[in-house]
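Trainee: This structure is in structure tokens; I'll ask about it shortly.
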Amino acid sequence: MSDNIEDSNESFFNFNDTITKELVHELKLHRVVGFHENILHVYGVTTYDEDRNDQYLFVLEYADGGTLQNYLKENFLDLTWSDKLNLALQLSYAVSCLHDEEIIHLDLHSKNIMIILIYIPSVGIVNQFFVQQ
């Protein structure tokens, strides 16, 4: 096997025992923390076939607010300090849940933290965000 990253990526997308084990491992981790309100739910696994380079992708709960990065880029000035604190607390709760189960994310950044907007008529939009594990 080559040390070339492209060769490694190509082999990753071919279905084999290693990929099966990785997918099952990820699904087991999601099952352990799937109860938490700030962690996206996994609904299944699908393939994405672009020019026969099959990729296996998780089907996750829909996050209508997009990524944290885009959400903050578009809404930062409109958010109160209370809103910003609430987002930070929700992130800390989600990460704490992962760590309580001895799971370390290893790739946590604003592009894989998803925002779900919850609308409550008497209050307005309430932001809730989720960690994509």
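Trainee: Glu50 fails exactly one of the following numbered conditions: (1) of a type outside the set (Val, Ile, Thr); (2) surrounded by 12 or more Cβ atoms within 10 Å (Cβ to Cβ); (3) over 22 Å from Ile115 (Cβ atoms). What is the number of that condition?
Mentor: For Glu50, the exception is condition (2).
Trainee: Which residue pairs have Cβ atoms closer than 9 Å, lie 6 or more positions apart in sequence or on different chains, and pair a first residue in region 63-92 that is within 11 Å of Ile115 (Cα to Cα) with a second residue that is loosely packed, with under 15 Cβ neighbours inside 10 Å and small (Gly, Ala, Ser)?
Mentor: If the second residue must be loosely packed, with under 15 Cβ neighbours inside 10 Å and small (Gly, Ala, Ser), the pairs left are Thr67/Ser110; Leu68/Ser110; Gln69/Ser110; Asn70/Ser110; Tyr71/Ser110; Leu72/Ser110.
Trainee: Same structure again: Taking only pairs six or more apart or across chains, which ones have beta-carbon atoms under 6 Å, a first residue in region 19-33 that is in a helix (DSSP H, G or I), and a second residue that is open to solvent by 70 Å² or more (accessible area, probe 1.4 Å)?
Mentor: Within 6 Å, the pairs are Val32/Glu101; Val33/Glu101.
Trainee: What number of residues within region 44-95 are in a helix (DSSP H, G or I) and closer than 20 Å to Lys28 by Cβ?
Mentor: Of the residues in that region, 2 qualify.
Trainee: Shifting gears a bit: Consider region 65-78. How many of its residues are acidic (Asp, Glu) and surrounded by 11 or more Cβ atoms within 10 Å (Cβ to Cβ)?
Mentor: 1
Trainee: If you don't mind, another one. Output the residues belonging to region 83-104 that are loosely packed, with under 11 Cβ neighbours inside 10 Å and at pLDDT below 90.
Mentor: Across region 83-104, the qualifying residue is only Ile104.
The values are calculated or read from the model by the stated rules, or taken from the named source; none is laboratory data. Just so it is clear, the model here is predicted, and its values are computed rather than measured. We place every Cβ from the backbone using ideal geometry, glycine too, and count neighbours over all the protein chains shown. Only protein heavy atoms, including side chains, enter the accessible area calculation; ligands, DNA and RNA are left aside. Shrake-Rupley method; radii C 1.70, N 1.55, O 1.52, S 1.80 Å.
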